[in-house]
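Visitor: Quick one: this structure, given as structure tokens, is what I'll be asking you about.
The values are calculated or read from the model by the stated rules, or taken from the named source; none is laboratory data. Owing to the predicted nature of the structure, the values given are computational and were not obtained by experimental measurement. Cβ placement follows ideal geometry from the backbone for every residue including glycine, while neighbour counts extend to all protein chains displayed. For accessibility, only protein heavy atoms count, side chains too; no ligands or nucleic acids. Shrake-Rupley method; radii C 1.70, N 1.55, O 1.52, S 1.80 Å.
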Amino acid sequence: MSDASSPRPPDPKLRPQPKRPALAVEPLRPREVVTRPSVAYRVALLMWGALALVVLALAAVAATEYDEVATALETMLARGSSGATDTDIADTAKVTLLGSAATAVLLLVVAGIGLSLSAARKSYAIIVLLVAGLGTIGASILFWSFMSDAASVAGGALRWGPLVCAGLAVIATVAASTIRRR
């Protein structure tokens, strides 16, 4: 059926396929392979862990020696207040101790969140850790000033404990600020 008189054109000769160009997709930046946390992260984690232990020790001292701590705080408040009743001073001392405990817990939670974000290599983790560190330094110094009259309780733990917290927070904050980001 393929005679020369058929209306069908002859089969065209197949051309060879052109050579395909070499195609390579390269990333814009080389992928960073992190095998273990940086030294700065480990130092920050260690300092925040030590700070948490010191805060727990201070809370234990304040809880076991509550009457002496409250009396010392009331004495300090009575010196600075003019005309306040004993009930007002006692209530202020309780609120001060509870507020200090709540502040410590809040700052430790914020630091934990910051460390989690840093482990996940989030760029804004540094801000969270700096806020936690600076807040802890300020809160520690403020608590130290509140406890100036209770310095003799538990062998002076309320005198040096808040200063140790402030020092650990300084080290943790400096270490956190040097953590390398992506």
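Visitor: Can you order the peptides 76-83, 88-95 by their average number of other Cβ atoms within 10 Å per residue, highest first?
Guide: 88-95, 76-83
Visitor: If you don't mind, there's one more thing I want to ask. In debye, nearest 20: dipole of the chain around its Cα centre with unit charges on the Cβ of K, R (+) and D, E (-)?
Guide: With Lys and Arg at +1 and Asp and Glu at -1, about 2060 debye.
Visitor: If we sort 135-146, 114-125 on the protection proxy, mean other Cβ atoms within 10 Å, highest first, what's the order?
Guide: Top of the packing list down: 135-146, 114-125.
Visitor: Using 1/(1 + (r/R0)^6) with R0 = 35 angstrom and r between the beta carbons of Val39 and Trp160, what's the FRET efficiency to the nearest 0.05?
Guide: 0.80
Visitor: Once the piece of chain linking Leu134 and Ala102 is laid out straight, how much longer is it, given 0.36 nm per residue of separation minus the C-alpha distance between them?
Guide: Roughly 9.9 nm would be gained on extension.
Visitor: Using each residue's phi in segment 136-147, evaluate 6.51 cos²θ - 1.76 cosθ + 1.60 at θ = phi - 60° and report the 3J(HN,Hα) Karplus result to the nearest Hz, with x for Gly and Pro.
Guide: Computed from phi, the couplings for segment 136-147 are 5, 4, x, 5, 5, 5, 5, 5, 4, 5, 5, 8 Hz.
Visitor: Sticking with this one: Residue-wise, which Karplus ³J(HN,Hα) couplings in Hz belong to segment 62-77, taking 6.51 cos²θ - 1.76 cosθ + 1.60, θ = phi - 60°, and x for glycine or proline?
Guide: Once θ is set to phi - 60°, the couplings for segment 62-77 become 5, 6, 6, 10, 4, 4, 5, 5, 5, 5, 5, 5, 5, 4, 5, 5 Hz.
Visitor: Quote the FRET efficiency, to the nearest 0.05, computed for Val170 versus Glu26 with a Förster distance R0 of 45 Å and r equal to the Cβ-Cβ distance.
Guide: Efficiency, rounded to the nearest 0.05: 0.55.
Visitor: If you average the sequence gap of Cα pairs under 8 Å that are 6 or more apart and divide by the length of the chain, what percent do you get for the contact order?
Guide: 31
Visitor: Let me ask you something else. What accessible area per residue comes out for segment 72-165, rounded to a whole number of Å², with a 1.4 Å probe?
Guide: With the other protein chains kept in place, segment 72-165 gives 52 Å² per residue.
Visitor: Which entry in (i) 1, 8, 12, 11, 9, 7, 6, 5, 5, 5, 5, 5, 5, 4, 4, 3, 2, 1, 1, 0, 0; (ii) 1, 7, 13, 14, 11, 9, 7, 6, 5, 3, 2, 2, 2, 2, 2, 2, 2, 2, 2, 2, 2, 1, 1, 1, 0, 0; (iii) 1, 7, 13, 15, 15, 13, 10, 8, 6, 5, 4, 2, 1, 0, 0 matches P(r) over Cα pairs in 5 Å bins from 0, in percent derived from the coordinates of this structure?
Guide: (ii)
Visitor: Okay, moving on. Could the peptides 26-32, 46-52 be put in order, highest first, of the mean number of other beta-carbon atoms found within 10 Å of their residues?
Guide: Order by mean packing, descending: 46-52, 26-32.
Visitor: Let me ask something additional. Using only DSSP helix segments of four residues or longer, with each worth -39500 (n - 2.57), what per-residue ellipticity at 222 nm results for the chain after dividing by its residue count and rounding to 500?
Guide: When only DSSP H runs of four or more count, the value is -23000 deg cm²/dmol.
Visitor: Same structure, new question: For Ser177 and Leu56, FRET efficiency with R0 = 25 Å and r from the beta-carbon atoms, rounded to 0.05?
Guide: It comes out at approximately 0.45.
Visitor: Would you kindly state how much longer the chain becomes between Ser152 and Asp91 on full extension, computed as 0.36 nm times their sequence separation minus their alpha carbon distance, in nm to one decimal?
Guide: Gain on stretching Ser152 to Asp91: 19.7 nm.
Visitor: What length, rounded to one decimal in nm, is gained on full extension from Arg79 through to Lys13, with 0.36 nm per residue of separation minus their alpha-carbon distance?
Guide: 12.9 nm
Visitor: Mind listing the phi-derived Karplus ³J(HN,Hα) values for segment 37-51, rounded to whole Hz, using 6.51, -1.76 and 1.60 with θ = phi - 60°, and x for any glycine or proline?
Guide: Along segment 37-51, the couplings run x, 5, 4, 4, 5, 5, 5, 4, 4, 5, 5, 5, x, 5, 4 Hz.
Visitor: Could you look at the chain and say what percent of its accessible area is carbon and sulfur, using a 1.4 Å probe and all protein chains?
Guide: Using a 1.4 Å probe with all protein chains present, the chain comes out at 66 percent carbon and sulfur.
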